[in-house]
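For reference, the structure discussed in these notes is given below.
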Amino acid sequence: MTIWFMTSNMGKVTEAREHFSKFGIPVRQFEFEAVEPQEDDLQKVALSKIEQAIPHLPAEGDMILVEDAGLFVESLNGFPGVYSSYALSTIGVHGILKLMSHLKSEDIVQDASLRKAEFRAVAILYKDGETFIGEGVCPGRIAHNPTEGHGFGFDPIFIPADLDENGEALEVGEMGHVSTHGTPFGGISLEKKQEFSHRRRAISELLHLIGNLG
Ligand code: ITT
């Protein structure tokens, strides 16, 4: 039994592998070119991709995983959102920073509030005719400058909100039990990112739904 992760992004595969390894289920990249529908909703995009892939499943009993994510910046009315891939490959992280360059304050809390953003992820797993859906959100803010290091996509500019002792995200700018101390995802390890990650939360919800899978 294999989970085929339909994605062009190896960074996402690496993150998903870690979670499913707890079930002893191998995750392999499924390079299938689905047509991405023009939808304003992550879940609709992910469902459409699953439907396109089902006829191409390598073996009976195998599962398909699709996970769609986006970065939603509050002051940009949710942009880039479902257009995150396109925005990344066109204006890039520097373009996002430029669009937000007027949003800054000497007051740290106000500055954090002006630059609020969140990552959202929807993970959908197809198995034997059934679909399971998990969702995850990671609130945070956009840094003033990019950080080089680990990660992919918008990791260099996204600073996650602190977490309380139960791992729940606090208000952006509030001090918590778990913190990157103002360092974006790009400047921390993958293990640390997982504590905050929208993808980890979406996949954890999926794992919960399919708990008796193994
Ligand atoms: P697939 O659709 O082929 O899976 P993708 O890279 O386009 O790969 P998404 O549509 O899920 O992935 O993501 C939209 C964009 O948001 C994309 O440019 C990603 O690089 C970026 N992104 C998603 N999750 C991210 C994360 O955890 N950290 C940084 N950027 C992320």
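The values are calculated or read from the model by the stated rules, or taken from the named source; none is laboratory data. Remember, it's a predicted structure, so these values are computed and weren't measured experimentally. Cβ: placed from backbone, ideal geometry, glycine included. Neighbour counts: every protein chain shown.
Do the conditions hold for ASP128, that is, is it free of Cβ contacts under 8 Å to residues at least 24 places away in the same chain and either more than 15 Å from the ligand (Cβ to nearest atom) or hydroxyl-bearing (Ser, Thr, Tyr) (or both)?
No.
Just checking, which of SER84, SER89, SER48 is of a type outside the set (Lys, Arg), in contact with a strand residue (DSSP E or B) (Cβ under 8 Å, 6 or more places away or on another chain) and on the phi < 0 side of the Ramachandran plot?
Working: SER89 fails: in contact with a strand residue (DSSP E or B) (Cβ under 8 Å, 6 or more places away or on another chain); SER48 fails: in contact with a strand residue (DSSP E or B) (Cβ under 8 Å, 6 or more places away or on another chain).
Selected residue: SER84, the only one of SER84, SER89, SER48 that is of a type outside the set (Lys, Arg), in contact with a strand residue (DSSP E or B) (Cβ under 8 Å, 6 or more places away or on another chain) and on the phi < 0 side of the Ramachandran plot.
If a residue must be in a helix (DSSP H, G or I), within 16 Å of the ligand (Cβ to nearest atom) and either of a type outside the set (Asp, Glu) or touching a helix residue (DSSP H, G or I) at 6+ places or on another chain (Cβ under 7 Å) (or both), how many such residues does the stretch 48-98 contain?
The number of residues fulfilling the criteria is 23.
Any residue in the stretch 114-127 that is farther than 27 Å from ALA53 by Cβ, loosely packed, with under 15 Cβ neighbours inside 10 Å and modelled with pLDDT of 95 or more? So that I can check it myself, show each step before the final result.
If we filter the stretch 114-127 for residues that are farther than 27 Å from ALA53 by Cβ, which is where we start, we get 114-118.
Cutting the leftovers down to loosely packed, with under 15 Cβ neighbours inside 10 Å gives us none.
Checked against the condition, which is being farther than 27 Å from ALA53 by Cβ, loosely packed, with under 15 Cβ neighbours inside 10 Å and modelled with pLDDT of 95 or more, the stretch 114-127 yields no hits at all.
Can you give me the number of residues within the stretch 1-32 that are within 12 Å of the ligand (Cβ to nearest atom), outside any strand (DSSP E or B) and under 23 Å from LEU71 (Cβ atoms)?
Residues that pass the stated criteria total 10.
Residues being under 16 Å from SER197 (Cβ atoms) and in contact (Cβ under 8 Å) with a residue 40 or more places away in the chain: count how many of those fall in the stretch 141-159.
Qualifying residue count for the region: 8.
Has the stretch 141-153 got at least one residue that is surrounded by fewer than 20 Cβ atoms within 10 Å (Cβ to Cβ) and outside any loop (DSSP other than H, G, I, E, B)?
no
Please give the number of the condition GLY186 fails out of (1) in a loop (DSSP other than H, G, I, E, B); (2) near the ligand (Cβ under 10 Å from one of its atoms).
For GLY186, the exception is condition (1).
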